[in-house]
Amino acid sequence: MNQAEVIFVGDVVDVRPYRLRTRTGTLVKTRVTFRVDDAVYGTSSLVEVFDFLGGEAEGYGLAVEGMPKFAVGDREVVFAHRKASINPIVGFTQGVLRVRRDSGGVDRVFTLEGISLLRPESIGSPTSGLRMAPESSMTLSDFRSRIVMALAEARKR
């Protein structure tokens, strides 16, 4: 979280791979566009756009092991860098969390692998603070409150 330049909750509204010609050949990147529903830190935009190395476009393909995959309609909590890189997500995949609505209509937070998140401090740890039971996953509102408190504490230092 301390490495993130921007933190938001948003929906993926476009995923567009494209070719990029360089001096040494052709690369494929994928541009992911998010509609920002809740700007937590570092943004006041309604839309955030990030480019990721890899994808398939115009008969060219490039796969990057471990790169997060996005689909239109995904709802995510995003922790990202602004500087150009192969992947702007903090911790490669650790800085993107899926939001799913449970049967009671409550938004809950999960890792990209679908594992329930019990507390923000467990992000990036192999299994500590993670559970498979969806109903035990931290609510989005609780997760957001904890992030805002941690940001406020970091500013005091």
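Every number in this text was worked out from the coordinates using simple rules, so none of it is lab data. Please read these numbers as outputs of a predicted model, since none were measured by experiment. Ideal geometry is used to build each Cβ from the backbone, glycine not excepted, and the neighbour counts take in all protein chains shown.
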Going residue by residue through the range 50-55, the Karplus relation 6.51 cos²θ - 1.76 cosθ + 1.60 with θ = phi - 60° gives ³J(HN,Hα) values, rounded to whole Hz and with x marking Gly or Pro, of 10, 9, 10, 5, x, x
Let a ≥ b ≥ c be the square roots of the eigenvalues of the Cα gyration tensor of the chain; is it rounded (a/c under 1.5), or, if not, prolate (a/b larger than b/c) or oblate? prolate
From Cα pairs below 8 angstrom and at least 6 apart in sequence, can you work out the relative contact order of the chain, rounded to a whole percent? 19 percent
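Would you order GLU5, GLU76 from fewest to most other beta-carbon atoms within 10 Å of each residue's own beta-carbon?
GLU5, GLU76
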Which value in deg cm²/dmol, rounded to the nearest 500, describes the helix-derived mean residue ellipticity at 222 nm for the chain, given -39,500 (n - 2.57) per DSSP H run of n ≥ 4 and division by the residue count? -3500 deg cm²/dmol
How far is helix 140-156 tilted, in degrees, relative to the longest principal axis of the Cα atoms in the chain, given as a value from 0 to 90 rounded to the nearest 10? 90 degrees
Residue-ordered couplings for the range 66-77, obtained by feeding phi - 60° into the Karplus form 6.51 cos²θ - 1.76 cosθ + 1.60 and rounding to whole Hz (Gly and Pro as x), are x, 5, x, 10, 10, 9, 4, x, 4, 10, 9, 9
Within the range 5-60: Cβ-based charge dipole about Cα centre, in debye rounded to nearest 20 (Lys, Arg +1; Asp, Glu -1): 440 debye
How many angstrom separate the Cα center of the range 6-22 from the Cα center of the range 65-109? 12 Å
Around ARG101 (Cβ within 10 Å, Cβ-to-Cβ, excluding ARG101; K/R +1, D/E -1) the net charge comes to +1
From phi via Karplus (6.51, -1.76, 1.60), per-residue ³J(HN,Hα) for the range 7-17 in Hz, x at Gly/Pro: 9, 7, 10, x, 10, 6, 10, 7, 10, 10, x
Would you pull out the residues with amide H under 5 Å of VAL6's amide H, same chain only if 5 or more places away, H placed 1.01 Å from N? ALA80
Which Cα, out of THR43, VAL77, LEU117, lies furthest along the positive dipole direction of the chain (beta carbon charges, K/R +1, D/E -1)? THR43
How big is the charge dipole of the range 22-157 about its Cα centre, in debye rounded to the nearest 20, if each Lys and Arg gets +1 on its Cβ and each Asp and Glu gets -1 on its Cβ? 440 debye
